[in-house]
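The values are calculated or read from the model by the stated rules, or taken from the named source; none is laboratory data. Bear in mind the structure is a predicted one, so any value in this text is a computation, not a measurement. When we count neighbours, we look across all protein chains shown, and the Cβ atoms used for this are built from the backbone with ideal geometry, even at glycine. Side chains included, ligands, DNA and RNA excluded: accessible areas come from the protein's heavy atoms. Shrake-Rupley method; radii C 1.70, N 1.55, O 1.52, S 1.80 Å.
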Amino acid sequence: MAMSSSVTPGLMSVVLGIVPVIVAWLYAEYLHYAKHSFSSAKARHSDVNLVEIAKDFVKEDDKALLIEEGGGLQSASPKAKGSSVHSPLIRFFLLDESFLVDNRLTLRAIIEFAVLMGYFYLCDRTDVFSSSKKSYNRDLFLFLYFLLIIVSAITSFTIHNDKSAFNGKSIMYLNRHQTEEWKGWMQVLFLMYHYFAAAEYYNAIRVFIACYVWMTGFGNFSYYYIRKDFSLARFAQMMWRLNFLVIFSCIVLNNSYMLYYICPMHTLFTLMVYGALGIMNKYNEKGSVIAAKIVACFVVVIVVWEIPGVFEWIWSPFTFLLGYNDPAKPQLPLLHEWHFRSGLDRYIWIIGMLYAYYHPTVESWMDKLEEAEIKIRMAIKTTVALIALTMGYFWFEYIYKLDKLTYNKYHPYTSWIPITVYICLRNITQSFRGYSLTLLAWLGKITLETYISQFHIWLRSGVADGQPKLLLSLIPEYPLLNFMLTTSIYVAISYRLFELTNTLKTAFIPTKDDKRLVYNTIAVIIICTCLYFFSFVVVKIPQNLV
């Protein structure tokens, strides 16, 4: 097996770090097996032991519940409490039996995640599997997409009867089912655009990415404005969800953070929403304060992105994190990609915040509209639909049809138009906004994982920081069969990565124990630093001696 790139300190760090976890997991599985084998043997000899076994299972359930509720890597057993003077890290390295059994599933999740990262490397950095070139056929592209829509409609059409969180009625304007479905059908087109190199849909993809960023503003504003939860745990969970998978992808495959530009973009705009509402958050109930904060957001964006030189001055200290050098375009400045990507959607997250703020007001209007006479109701809805369609038509004719370079200049100022048109038409009637295709909504939940995974187990670049110009080929010479197989594996792995990300988030980020959270963070930083330093010595010194 030949490798397209040399072993890096980052990859060596992951390999060295996973070895003790494998040992601990195997020992935990052995202890679990031995414990239950012994319990089964006792049960066969005495009916009395059935009560004891039931108690054991209750204890196991209590331990599992503790982990699910954010207890982190802790144990609920009396023996564990007796040894609680030792940190979880020390108990891990000492192979504390009760600790390992209590956290067996967490260790298993870490191993599974490491195996999937290994599959990333195998597909994209070795010659085990071959590559094939992309080819675009409009008929095939549209056939596959609409086939998925038809299958989704036949198999997963669902009518939801959820109640509004604001007035308790079945309005469901921009409900969760609807936004997940929205993300799902956009993500399918986004991924197919990459797979088939469907360059003619470039402008549509720009709109889709703007929709995702709009949802970042809308969703985060709604959460913080309603829940008022600015806790450290919530912040850590948010950052983990956005960056856990991408960080390991960068480390294992020696890629820059900006290769996966969606992740830093969403992280930035999520932080800006968090900061906007978090600062003086006790005054968020006042409309004037929210108005001032939204105006301040616009001012910040204008200063940073519109005034020449300011962007470079602010972000140049973060070049180590946000710099990107495309091997195919080495002449571009390191911050060019970050400037370009973040600049395209610099305003739309604020529009999402505005829509979220007025969400209860719009729901109230809709509530009154549904109670109006049918003639008035139909007249108003027809008028709204006609206005939306007219706006959409002029945007499509005079903006969307522009060549991509010209379109990019108008995009930051016009992307709100197709988003607003879609929202109006998708919510035009109460029954229509209550429908969703749950298959697409399911795909919408794993958009982050499908976005990152596509680079390595669906497409291929073969080199660090390279754009995925090739396709992964598991069945050479059979492009459609290969598409079917690689897509099935790719979607299944993406879903597992989604599940593992949430499982490990629950284990390592306690929801009600900031002290434990800080301890976990410091422990991870120390371990990663030590592993990287040792790996750097192991990898670089032999290379320098050659």
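List of remarks:
- Scanning the stretch 111-165 for residues that are in contact with a Ser or Thr (Cβ under 6 Å, 6 or more places away or on another chain), under 20 Å from ILE489 (Cα atoms) and small (Gly, Ala, Ser), we see that the one that is surrounded by the fewest Cβ atoms within 10 Å (Cβ to Cβ) is SER130.
- Among the residues of the stretch 522-546, those that are of a type in the set (Val, Ile, Thr), open to solvent by 70 Å² or more (accessible area, probe 1.4 Å) and part of a helix (DSSP H, G or I) comprise ILE522, VAL524, ILE525, ILE526, THR529, ILE541.
- Looking across the stretch 501-518, just one residue is touching a residue at least 24 places away in the same chain (Cβ under 8 Å) and open to solvent by 80 Å² or more (accessible area, probe 1.4 Å), and that is LYS512.
- Selection from the stretch 355-386 of residues that are of a type in the set (A, V, I, L, M, F, W, C) and buried (at least 17 other Cβ atoms within 10 Å of the Cβ): ALA356, MET366
- Subset of the stretch 456-499 (residues that are in contact with a Leu (Cβ under 7 Å, 6 or more places away or on another chain), assigned to a loop (DSSP other than H, G, I, E, B) and open to solvent by 40 Å² or more (accessible area, probe 1.4 Å)): LEU474, ILE475
- Residues that are open to solvent by less than 30 Å² (accessible area, probe 1.4 Å) and in contact (Cβ under 8 Å) with a residue 60 or more places away in the chain were ranked within the stretch 268-283; the one that is farthest from ILE350 (Cα to Cα) is LEU268.
- Within the stretch 286-337, the set of residues being open to solvent by less than 50 Å² (accessible area, probe 1.4 Å), of a type in the set (D, E, K, R) and closer than 24 Å to LEU259 by Cβ comprises ASP326, GLU337.
- Checklist (1) of a type in the set (S, T, N, Q); (2) touching a residue at least 60 places away in the same chain (Cβ under 8 Å); (3) open to solvent by less than 20 Å² (accessible area, probe 1.4 Å) applied to ASN243, failing item: (2)
- Reported count of residues in the stretch 257-267, each being touching an Asp or Glu at 6+ places or on another chain (Cβ under 8 Å) and open to solvent by 10 Å² or more (accessible area, probe 1.4 Å), is 1.
- Some residue of the stretch 219-228 being more than 26 Å from ILE428 (Cα to Cα), in contact with a Pro (Cβ under 7 Å, 6 or more places away or on another chain), surrounded by fewer than 20 Cβ atoms within 10 Å (Cβ to Cβ) and modelled with pLDDT under 95: no
- For the stretch 387-416, residues that are of a type in the set (Val, Ile, Thr), under 33 Å from the mean Cα position of the chain (by Cα) and exposed (fewer than 13 other Cβ atoms within 10 Å of the Cβ) total 1.
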